[in-house]
1. Residue by residue through the range 197-216, note down the ones that are assigned to a loop (DSSP other than H, G, I, E, B), hydrophobic (A, V, I, L, M, F, W, C) and more than 12 Å from ligand 1 (Cβ to nearest atom).
2. Counting only residues that are of a type in the set (D, E, K, R), farther than 19 Å from Ala130 by Cα and buried (at least 17 other Cβ atoms within 10 Å of the Cβ), how many does the range 44-81 have?
3. Can you tell me which residues in the range 13-36 are within 13 Å of ligand 2 (Cβ to nearest atom), of a type outside the set (Gly, Ala, Ser) and closer than 17 Å to Glu229 by Cα?
4. Any residue that is farther than 27 Å from Arg159 by Cβ and open to solvent by 50 Å² or more (accessible area, probe 1.4 Å) - is there at least one of those in the range 184-192?
5. Of the residues that sit in the range 171-183 and are surrounded by 14 or more Cβ atoms within 10 Å (Cβ to Cβ) and away from ligand 2 (no atom under 16 Å from the Cβ), which one is farthest from the chain's Cα centre (by Cα)?
6. Which condition from (1) open to solvent by 30 Å² or more (accessible area, probe 1.4 Å); (2) part of a strand (DSSP E or B) is the one that Ala23 breaks?
7. What are the residues in the range 36-73 that are within 11 Å of ligand 1 (Cβ to nearest atom) and in contact (Cβ under 8 Å) with a residue 60 or more places away in the chain, if any?
8. If the Cβ limit is 6 Å and pairs must be 6+ apart or interchain, which residue in the range 86-107 that is open to solvent by 20 Å² or more (accessible area, probe 1.4 Å) and at pLDDT 95 or above pairs with which residue that is more than 16 Å from ligand 3 (Cβ to nearest atom) and of a type outside the set (A, V, I, L, M)?
Amino acid sequence: MPDPRPTPVPASIDPGSVPHHVAVVMDGNGRWAQRRGLARTEGHGAGEEALLDTTYGALSIGVRVLTVYAFSTENWRRPIDEVRYLMNFNQGLLQRRQHELHDEGVRITFSGRRDWRVPKRVLRNMDEAAALTKANKVMTLNIAFNYGGRAEIVDAVQRLVAEGVAAGKVDEKAIRQRLYHPEIPDPDLVIRTSGEYRISNFLLWEMAYSELVFTEVLWPDFRREHLFEAVEEYQQRERRFGALDK
Ligand code: IPE
Ligand code: IPE
Ligand code: MG
């Protein structure tokens, strides 16, 4: 099981420019399992260790927000047994891990739709984990669950309309304030595992200027060392935000 003890910041990482917010598309669980002749769900199970180790790695180097894509609004299209497994697995993971994460000073938050498809007991556990950890300040672990980037924008627009905001008052700030977590700054670095080169409806609004790192590593094999490699790559990039080189 992952070792929660902090790892020293590797010499290859500049401690002065660690990304504030890292977001991860945890992909490749099914392929990891299939390559071993196991059921796809075994791959999801094996992702727990990857998530914990990555979280401890992020804590070690001073990342302040780690957002992880756990279940998308499109993942309901999977076979019912896999969906059911994922609901139970995510609930179990919270129950198993919330206390150790709390001990490390991690605030657990969620991004996504709380719609009728998510079992009530899962929502209850999410609320419990969020309430337990809400005052923690070391790092935020934001779990994107029943999350879709388009759904998030639709939800923000619905709130604008419901609040009667005049068309002329709708600007980027007005939309941003109605996203699921307006207090969380945009991700600096987005990592996708498993050699897929797409966004799959993750953080569409927030990712406008994120640096993207893709790795062939399948999520269940991902460890803090892979996070550190991605951060090194991020530190080589030059972020311009549309302006010219400094
Ligand atoms: C990512 O792994 C986990 C979820 C989407 C819930 P996948 O289940 O997508 O694994 P692959 O991409 O089929 O290998
Ligand atoms: C993205 O992975 C969603 C999560 C990791 C939760 P998918 O496996 O669902 O994405 P696609 O279908 O390959 O685009
Ligand atoms: Mg996938």
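The values are calculated or read from the model by the stated rules, or taken from the named source; none is laboratory data. Because the structure is a prediction, the values reported are computed rather than measured. All Cβ positions, even for glycine, are placed from backbone atoms using ideal geometry, and neighbour counts span all protein chains on display. For the accessible areas, the whole protein counts, side chains as well, though only heavy atoms, and no ligand, DNA or RNA atoms are used. Shrake-Rupley method; radii C 1.70, N 1.55, O 1.52, S 1.80 Å.
1. The first filter runs over the range 197-216 and keeps only residues assigned to a loop (DSSP other than H, G, I, E, B), leaving 197-210, 215-216.
Retained after the next criterion (residues that are hydrophobic (A, V, I, L, M, F, W, C)): 199, 202-205, 207-208.
Within the range 197-216, Ile199, Leu203, Leu204, Trp205, Met207, Ala208 qualify.
2. Restricting attention to the range 44-81, the residues satisfying the condition of being of a type in the set (D, E, K, R) are 48-49, 53, 64, 74, 77-78, 81.
Filter again for farther than 19 Å from Ala130 by Cα, leaving 49, 53, 74, 77-78, 81.
Subsequent filtering for residues that are buried (at least 17 other Cβ atoms within 10 Å of the Cβ) retains 53.
The total comes to 1.
3. Passing the criteria: Val24, Val25, Met26.
4. Applying the first criterion (farther than 27 Å from Arg159 by Cβ) to the range 184-192 yields 189, 191-192.
Cutting the leftovers down to open to solvent by 50 Å² or more (accessible area, probe 1.4 Å) gives us none.
Scanning the range 184-192 turns up no residue that is farther than 27 Å from Arg159 by Cβ and open to solvent by 50 Å² or more (accessible area, probe 1.4 Å).
5. Step one: of the range 171-183, the residues surrounded by 14 or more Cβ atoms within 10 Å (Cβ to Cβ) are 174-175, 178-181.
The next check asks that each one be away from ligand 2 (no atom under 16 Å from the Cβ); those that pass are 174-175, 178-179, 181.
Details: Ala174: 23, Ile175: 21, Arg178: 19, Leu179: 15, His181: 12 Å.
Looking at the filtered set, the residue picked out is Ala174.
6. In the conditions (1) open to solvent by 30 Å² or more (accessible area, probe 1.4 Å); (2) part of a strand (DSSP E or B), Ala23 misses (1) alone.
7. Result: Gly43, Ala46, Gly47, Ala50, Val68, Tyr69, Ala70, Phe71, Ser72.
8. Gln91/Asn125; His102/Thr133; Arg107/Thr133; Arg107/Asn136; Arg107/Thr140
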